[in-house]
Amino acid sequence: MVNVRRNISYRYQNHNLSIKTKIVTQCCLVGIVILGISRLYVGNNNEDHYPTVNNNNINNDDNDNDLASKCWIKQAIHSGDIKLFSHRSYFDNTEIKQPTCHESLSSLASIGVNHLDLDLVLAEHKANESDLHRHKIVVAHPMEFTQQSVYYSPCANVDFDDMIHALRDVYEDDFFISIEPKAAWRSTQDEMNDVALVNSPSSILEMILIKIETLSLEGKCAIIVPDLEDTKFVVQYVNELQKEHSVVNEITKHCQLFTGVRLSDDPPTSLGKNDLIMPTIEFHPSHPHNTNGKIIPDSLWGKSIFWIVDTEEDLLRATWEMKPFGIVSNTPKHLVDIIDEPSWCR
C-alpha cells in the first residue's frame with residue numbers, strides 16, 4: 001500500500017511538473033512573440049531616426065539617398081552647374097574686420113567663386129565734367145553709401161570703374177556680375193529724401209549702359225530691374241517710363257535681364273521678359289518665414305537664383321530640392337567649407 005501511494009504520489013508530482021513545464025514554456029513563447037512584435041513596432045516607428053540593417057534596406061536607402069544628394073550638391077557647386085554668387089563682394093560676412101575689396105575678390109577666386117551680386121548707386125561727380133559724365137556709379141547698398149550701415153562689404157563705396165578693374169586683375173575675363181541699380185523707382189517721399197535713391201531710374205540706367213559699353217562687359221553682366229509695367233514697383237510717369245524701357249532694351253543687348261522677387265511679392269508664374277528670376281529662399285515651403293504658403297512654381301526653379309543662402313539648412317532647401325540656376329550668399333566661404341567637410345560626402 002505504501003509503495004502504491006508512493007507511486008501515485010510520484011506520478012502526481014511528475015504530472016504537476018509536466019503541467020508547470022508546459023505553462024512556463026508557453027509563457028516564454030508568448031513573451032518572445034510579444035517582444036518580437038514590440039521590437040518590430042518600435043523599429044518601424046524609428047526607422048527614420050535610427051538606421052538599421054534589414055532585408056528591405058529601407059533605412060540604408062534613406063541614408064544612401066541623403067549622401068547622394070549631398071554629393072550631388074558638392075559636385076554641382078564646384079562644377080558651376082549651380083552658380084554660387086557672392087552678395088556685395090562678401091567672402092565671409094561674419095568676419096569682424098572685413099578685407100579690402102581686392103583681398104576679398106582674391107579669396108573668392110581661391111574657392112572658385114567668380115559670380116557677384118552688386119548694388120549700384122548713382123553719385124554726383126565732384127569733377128567739373130560734361131553733362132554726360134557728371135555722375136559716377138558707386139558699388140554700394142544705399143545704407144553703405146549714406147554711411148548709415150553697421151556693416152560694410154569689402155567693396156562698399158568703390159567706384160564702378162575701379163571695381164571692374166579689380167575684377168579683371170583677379171579673374172582676367174572669367175567673371176560675371178548681376179547689378180541692381182538703386183533709384184527712385186516708385187518716386188516716394190522716402191526715396192526723394194534719400195541721396196542714394198533720389199535719382200530717376202533712367203538716369204542711373206543710362207550711366208550703366210555707358211559703363212557696360214566702355215568697359216566691354218558684354219556677356220559678363222545681368223541687370224536687375226523690377227517689372228516696368230507693374231504699378232506697385234514702378235511709378236508710371238509716361239516720359240520717364242519710356243526712357244526706362246528704351247535704356248533697358250539697349251542694356252539687354254549686352255547683358256541678361258533679371259528681376260528680384262521678395263516674399264511680400266506675388267510669386268511669378270512665368271519668366272516674362274526675364275532671362276532669370278531672383279526669388280528669396282523664404283519662398284521654400286519649409287522656411288519659417290513662409291507663413292502664407294507662397295511658392296515659386298517648380299517650372300521656374302531651374303531659372304531661379306535664390307537669395308540669401310547662408311546656412312546649411314537653406315543650402316539643402318535651395319540646391320537639392322529645387323536645383324536652381326544659382327544661389328546668392330553673404331558667406332560663400334562657409335558654404336564651401338560645409339560641402340568640403342569629409343562627413344558631407346563620403
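The values are calculated or read from the model by the stated rules, or taken from the named source; none is laboratory data. Quick caveat, the model's predicted, so the values are computed rather than measured. In this analysis, Cβ positions are derived from the backbone assuming ideal geometry, glycine residues included, and neighbour counts consider all displayed protein chains.
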Selection from the stretch 131-146 of residues that are at pLDDT 95 or above and either not assigned by TED's automatic domain parsing to the domain that holds S106 or not β-branched (V, I, T) (or both): A140, H141, P142, M143, E144, F145
Qualifying positions in the stretch 295-312 - crowded, with 17+ Cβ neighbours inside 10 Å and either modelled with pLDDT under 95 or among the polar types (S, T, N, Q) (or both): S304
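Identify, from the list S270, S286, the residue that is closer than 29 Å to G219 by Cβ and surrounded by fewer than 17 Cβ atoms within 10 Å (Cβ to Cβ).
Details: S286 fails: closer than 29 Å to G219 by Cβ.
Exactly one of S270, S286 is closer than 29 Å to G219 by Cβ and surrounded by fewer than 17 Cβ atoms within 10 Å (Cβ to Cβ), namely S270.
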Residue list for the stretch 225-247, restricted to those being of a type in the set (A, V, I, L, M, F, W, C) and in contact with a strand residue (DSSP E or B) (Cβ under 7 Å, 6 or more places away or on another chain): V225
Subset tally (residues that are closer than 14 Å to V309 by Cα and assigned to a helix (DSSP H, G or I)) for the stretch 74-116: 1
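Taking only the stretch 313-346 into account, find how many residues are loosely packed, with under 15 Cβ neighbours inside 10 Å and either farther than 14 Å from V113 by Cβ or aliphatic (A, V, I, L, M) (or both).
Looking only at that region, the number is 6.
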Within the stretch 287-346, considering residues that are polar (S, T, N, Q) and in a helix (DSSP H, G or I), the one nearest to P268 (Cα to Cα): S299
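Hey, among A184, A196, A222, A166, which residue is over 28 Å from G80 (Cβ atoms) and in contact with a strand residue (DSSP E or B) (Cβ under 9 Å, 6 or more places away or on another chain)? Break it down stepwise before answering.
On the way: A184 fails: in contact with a strand residue (DSSP E or B) (Cβ under 9 Å, 6 or more places away or on another chain); A222 fails: over 28 Å from G80 (Cβ atoms); A166 fails: over 28 Å from G80 (Cβ atoms).
Step by step, each of A184, A196, A222, A166 is checked, and only A196 is over 28 Å from G80 (Cβ atoms) and in contact with a strand residue (DSSP E or B) (Cβ under 9 Å, 6 or more places away or on another chain).
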Test: residue in the stretch 200-208 that is in the same structural domain as E124 (by TED's automatic domain parsing), at pLDDT below 95 and among the β-branched types (V, I, T): no
Condition met for F175 (buried (at least 17 other Cβ atoms within 10 Å of the Cβ) and among the hydrophobic types (A, V, I, L, M, F, W, C)): yes
Any hit, the stretch 88-96, residues being within 21 Å of V150 (Cα to Cα), modelled with pLDDT of 95 or more and among the hydrophobic types (A, V, I, L, M, F, W, C): yes
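Hey, any hits in the stretch 249-258 for a residue that's β-branched (V, I, T) and touching a helix residue (DSSP H, G or I) at 6+ places or on another chain (Cβ under 7 Å)?
Within the stretch 249-258, the subset β-branched (V, I, T) is 251-252.
Filter once more, keeping what is touching a helix residue (DSSP H, G or I) at 6+ places or on another chain (Cβ under 7 Å): 251.
Yes - at least one qualifying residue is present in the stretch 249-258.
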Residue list for the stretch 152-196, filter: touching a residue at least 60 places away in the same chain (Cβ under 8 Å) and aliphatic (A, V, I, L, M): A156, M163, A166, L167, V170, I177, I179, A183, A196
